[in-house]
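Here's the structure we're looking at; comments come further down.
The values are calculated or read from the model by the stated rules, or taken from the named source; none is laboratory data. The structure displayed is predicted, hence computed values, not measured ones. Note that each Cβ is placed from the backbone with ideal geometry, even for glycine, and that neighbours are counted across all protein chains shown.
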Amino acid sequence: MRVQTPKCAHGAMIAASERRLDFFVVGVQKAGTTALHEMLSRRPDIQMASGKEVHFFDDETINWNEPDCDRLHSRFSWKPARVRGEATPITIYWPNALERLHAYNPNAKIIVALRHPAPAPSRTGAWSGSAATRRFRSRKQSVKAGSA
């Protein structure tokens with residue numbers, strides 16, 4: 001599939017023809033992409049998209065022969081001398097997303113967040129299979145058995 005370079009238009013401080021994001025954060029679930037997005041957002045010299053996961057390059061409703069980058073670019077203020085990035089983890093494995101990203105900016109840096117394939121942490125932040133969790137459950141059962 002041949003992806004054309006986007007013809008992006010959006011008026012502001014940097015000319016639309018010169019607008020391109022500098023880097024992208026992609027990766028797998030529970031690999032720390034949200035934490036990375038938040039940490040990078042705190043840096044004064046980096047501007048991350050307002051809100052994580054813009055889902056631009058994985059959007060199949062876009063005409064990729066002539067993509068309109070307004071939705072992507074509207075998530076940024078275009079003041080000069082800032083590095084801009086966006087974090088949509090699914091981009092790493094969505095069909096054609098990396099090719100679209102490359103067509104958009106062949107010089108963009110890609111930060112890939114991976115993790116060990118061991119069980120991912122639960123939403124509570126505790127490792128469900130960790131030794132500490134097993135000890136906690138064991139003690140909880142012991143207390144229940146002792147009070148019965």
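With respect to the conditions (1) modelled with pLDDT under 90; (2) of a type outside the set (Gly, Ala, Ser); (3) closer than 18 Å to Ala103 by Cβ, Lys30 lacks only one, and its number is (3). Checking each residue in the range 78-103 for being outside any loop (DSSP other than H, G, I, E, B) and more than 17 Å from the chain's Cα centre (by Cα) picks out only Ala103.
If the condition is being in contact (Cβ under 8 Å) with a residue 40 or more places away in the chain and over 10 Å from Phe57 (Cα atoms), then the range 77-91 contributes Ser77, Trp78, Lys79, Pro80, Val83, Arg84, Gly85, Glu86, Ala87, Pro89.
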